[in-house]
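A.B. asks: Sharing a structure here in structure tokens format.
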Amino acid sequence: MKNIFYRLGAAALLSTAFLFSGCEPEFEEDITLSKGPLDFSKYVSVGNSLTAGYQDNGLYLEGQVFSYPNILANQFSFVGGGQFVQPLFTQAQANGSGYLRLGGFSSTGAPILAPVTTNLAVRTDVAPLPGGRRLTKFTGAIQNWGVPGISVLASAVPQYGGVNPYFERLLSDAEVGQVSYVQKVVATQPTFFSLWLGNNDVLGYATAGGVVDPANPFGGITPTATFNAIYSQLAAGLSRNKAAKGIVATIPDVRSVPFFTTVGPTFKAGLPAAVPAVVALTKSAANRTVIAKNDIRVGSTGSALFTLTSTAYLGLLGQPTGRYWRDQAKAKYPSDAAAMDQELKRLLQNYQLDTTKMFGLSAENPLPSALVLDAEEQAEIQAATTEYNNIIKNVAAANDLAVFDAFTFFNSIQTPYSMNGVTYSPAFITGNLFSLDGVHPTPRGYAIIANEMIKAINAKYGSSVPTIDVTQFRAVLIP
């Protein structure tokens, strides 16, 4: 199919109504646009943080506006699509949950990331939820049901509305803890839908370095049978016995995002010749593993991955320090010094630590497991991702749905490539695709995803929905 780009300036996207508006389309060549057999009059998007437009480690107004569902809805409007209502933050609370911005670079070239803490949509009049501070409620009809943090497992649990502040924000007080995500989205009865859910059924486990908090029932890898049952129910409910068409997306290989690929190469290159290996905790509290220097993954060589959060601690290698564990205790009890001290003592005893020893170079003071994803943990993630994606494809076939194979797409962009004179890669900050959290796309990355989805929709249903000019969207803002 020939490619068409709608020339839409970024200024138009951030109009007073925060919707795509204002310009007459200019197409690069004449082609007949067509919806084919599809009905885009009520498009509903279902998914997690990717669907919400989360980026830079937060959900805020600009990210919502540039979410891939909003881009899709704009393109659907050229072939009969109706309005698309998102639960947008207000202008006064445009920074939403808060996020990270790039403040500059250190003398060594390391990025300086600063939290944005003004104009938030955070509620201080009520106690926080287990999943974080509550956010300003959004009332009214919703068509973008992107909920950061939600998994397929959590989507079927009614109590989840009392755990996740992003989901709680979209519910009435009477619904919190009583209605599941599956119930809410199926009740919307869309004429067309997108479903991208399942990433968090492995991502939370991966970003935590394989550490599972026993107090968090949604933190591990979801059993395949459970995933299959819930996902099948959700897709069937949305499609209403194939009355509604839609597109589903597979789960990318989470190990390939900058969150896991950025730190290891630099850390490996900086290790002195006298340090042939480092010592790290494994998932079991008392077990250690030795990671040889050559086992640190660089490109396709090596196995051990270091998380982006490890950046704050790897510089302490070889020092007698317990900073990581103090930070964990402080995060749990930020305003109770006595409780923080007790938690620190518990952690040191539980992991059999001696922080007077050399950090990361001794069995008594190893690198925390949360900073490293070892080969065993990666194998678990890879196996689950493969099983989930097979389920997603089978469910799509059973319900006559299009498929955006995100796993294949993200694997295809692991080496730099050029599009319309711009170079893209999975490199942190400079690659144009990923935002400052190393997991979620930039606005331009979301636009590229939207185009890939449009191509899959057109191929499946014989429609001619136009793609969008991705160069009109920003990448990481460099100060």
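A.B. asks: Determine which member of the set Val152, Val182, Val157, Val211 is closer than 30 Å to Pro37 by Cβ and either touching a residue at least 60 places away in the same chain (Cβ under 8 Å) or open to solvent by 30 Å² or more (accessible area, probe 1.4 Å) (or both).
C.D. replies: Values: Val182 fails: either touching a residue at least 60 places away in the same chain (Cβ under 8 Å) or open to solvent by 30 Å² or more (accessible area, probe 1.4 Å) (or both); Val157 fails: closer than 30 Å to Pro37 by Cβ; Val211 fails: closer than 30 Å to Pro37 by Cβ.
From the options Val152, Val182, Val157, Val211, the qualifying one is Val152.
A.B. asks: Only residues that are surrounded by 13 or more Cβ atoms within 10 Å (Cβ to Cβ) and of a type in the set (S, T, N, Q): list them for the range 315-341, please.
C.D. replies: Passing the criteria: Gln319, Thr321, Gln328.
A.B. asks: Name the single residue that is modelled with the lowest pLDDT among those in the range 411-436 being touching a helix residue (DSSP H, G or I) at 6+ places or on another chain (Cβ under 7 Å) and surrounded by 19 or more Cβ atoms within 10 Å (Cβ to Cβ).
C.D. replies: Pro426
A.B. asks: Starting from residues that are of a type in the set (A, V, I, L, M) and over 16 Å from Gly131 (Cα atoms), keep the ones in the range 166-179 and report whichever is surrounded by the most Cβ atoms within 10 Å (Cβ to Cβ).
C.D. replies: So, considering only residues that are of a type in the set (A, V, I, L, M) and over 16 Å from Gly131 (Cα atoms), the one surrounded by the most Cβ atoms within 10 Å (Cβ to Cβ) is Val179.
A.B. asks: Let me ask something else about it. Of the residues in the range 9-66, how many are part of a loop (DSSP other than H, G, I, E, B), at pLDDT 95 or above and within 18 Å of Arg474 (Cβ to Cβ)?
C.D. replies: The first filter runs over the range 9-66 and keeps only residues part of a loop (DSSP other than H, G, I, E, B), leaving 9, 14-33, 35-42, 48, 53-54, 56-57, 59-60, 66.
Okay, now just the ones that are also at pLDDT 95 or above, so 33, 35-42, 48, 53-54, 56-57, 59-60, 66.
Those left that are additionally within 18 Å of Arg474 (Cβ to Cβ): 53-54, 56-57, 59-60, 66.
Selection size over the range 9-66: 7.
Residues checked against (1) under 24 Å from Ile429 (Cβ atoms); (2) more than 23 Å from the chain's Cα centre (by Cα); (3) not assigned by TED's automatic domain parsing to the domain that holds Ile71:
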position	(1), (2), (3)
Ser194	no, no, no
Ala206	yes, no, no
Asn228	no, no, no
Lys245	no, yes, no
Ala249	no, no, no
Pro252	yes, no, no
Val263	yes, no, yes
Thr266	yes, yes, yes
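A.B. asks: Which one is modelled with the lowest pLDDT, of the residues in the range 298-307 that are farther than 22 Å from Asn216 by Cα and either open to solvent by less than 60 Å² (accessible area, probe 1.4 Å) or among the β-branched types (Val, Ile, Thr) (or both)? Let's see the steps before the verdict.
C.D. replies: Of all residues in the range 298-307, those farther than 22 Å from Asn216 by Cα come to 298-306.
The next check asks that each one be either open to solvent by less than 60 Å² (accessible area, probe 1.4 Å) or among the β-branched types (Val, Ile, Thr) (or both); those that pass are 298-299, 301-306.
On the way: Val298: 92, Gly299: 85, Thr301: 88, Gly302: 90, Ser303: 91, Ala304: 94, Leu305: 95, Phe306: 95.
Out of the qualifying residues, it is Gly299.
The values are calculated or read from the model by the stated rules, or taken from the named source; none is laboratory data. What you see is a predicted model; the values in this text were computed from it and never measured. Every residue, glycine among them, receives a Cβ derived from its backbone with ideal geometry; neighbour counts consider all protein chains shown. Ligands, DNA and RNA are stripped out before the accessible areas are found, and what is left, the full protein with its side chains, is counted by its heavy atoms. Shrake-Rupley method; radii C 1.70, N 1.55, O 1.52, S 1.80 Å.
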